[in-house]
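Comments concern the structure below.
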Amino acid sequence: GGRGGAAMADGEGLVSVDYEVHGKVQGVFFRKYTQGEAKRLGLVGWVRNTSHGTVQGQIQGPTARVRELQEWLKKIGSPQSRISRAEFSNEKKIQALEHEEFQILK
């Protein structure tokens, strides 16, 4: 990247956070809805099904928007999902987004 350049002018930095959602979250279009919600909020990252029946991924973007998606992952999800809990880890401030978009990984 280029040298210098001001940080985000709105005084609200970027964060990256990993998540894992437990419950009935596979086979209910959870990834597709998560991607749609992330795009609506202007976030980047990824989502995938795990072999042990959870959905996990990473979210990056402005702090307030990331918080909105965290609430959505905890309480809403896709219409047919039943979320038992959502865990968040590895939260950190980042200088720039590390993903181009929000992807569904196989």
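Structural remarks
- Summed over segment 49-61, the residues that are of a type outside the set (A, V, I, L, M, F, W, C) and under 11 Å from the mean Cα position of the chain (by Cα) give a count of 5.
- Candidates Val21, Val47, Val15, Val25 - the one that is crowded, with 18+ Cβ neighbours inside 10 Å, under 14 Å from Ala96 (Cα atoms), at pLDDT 95 or above and in contact with a Ser or Thr (Cβ under 7 Å, 6 or more places away or on another chain): Val15
- Pairs are defined by a Cβ separation below 6 Å, a sequence spacing of at least 6 or placement on different chains, a first member in segment 40-54 that is within 10 Å of Val66 (Cβ to Cβ) and touching a residue at least 24 places away in the same chain (Cβ under 8 Å), and a second member that is assigned to a strand (DSSP E or B) and open to solvent by 10 Å² or more (accessible area, probe 1.4 Å); the pairs so defined are Gly45/Gln58.
- Residue match in segment 64-79 (condition: farther than 18 Å from Glu37 by Cα and out of contact with any Asp or Glu (no Cβ under 7 Å at 6 or more places or on another chain)): no
- Some residue of segment 74-92 being in contact with a Lys or Arg (Cβ under 6 Å, 6 or more places away or on another chain) and of a type in the set (A, V, I, L, M, F, W, C): yes
- Candidate set from segment 65-92 (those that are more than 13 Å from Glu20 (Cα to Cα) and in contact with a Leu (Cβ under 7 Å, 6 or more places away or on another chain)); member that is least open to solvent (accessible area, probe 1.4 Å): Val66
The values are calculated or read from the model by the stated rules, or taken from the named source; none is laboratory data. Since we're looking at a predicted model, the values are computed, not measured. Every residue, glycine among them, receives a Cβ derived from its backbone with ideal geometry; neighbour counts consider all protein chains shown. Areas reflect the complete protein model, heavy atoms only, side chains present, ligands, DNA and RNA absent. Shrake-Rupley method; radii C 1.70, N 1.55, O 1.52, S 1.80 Å.
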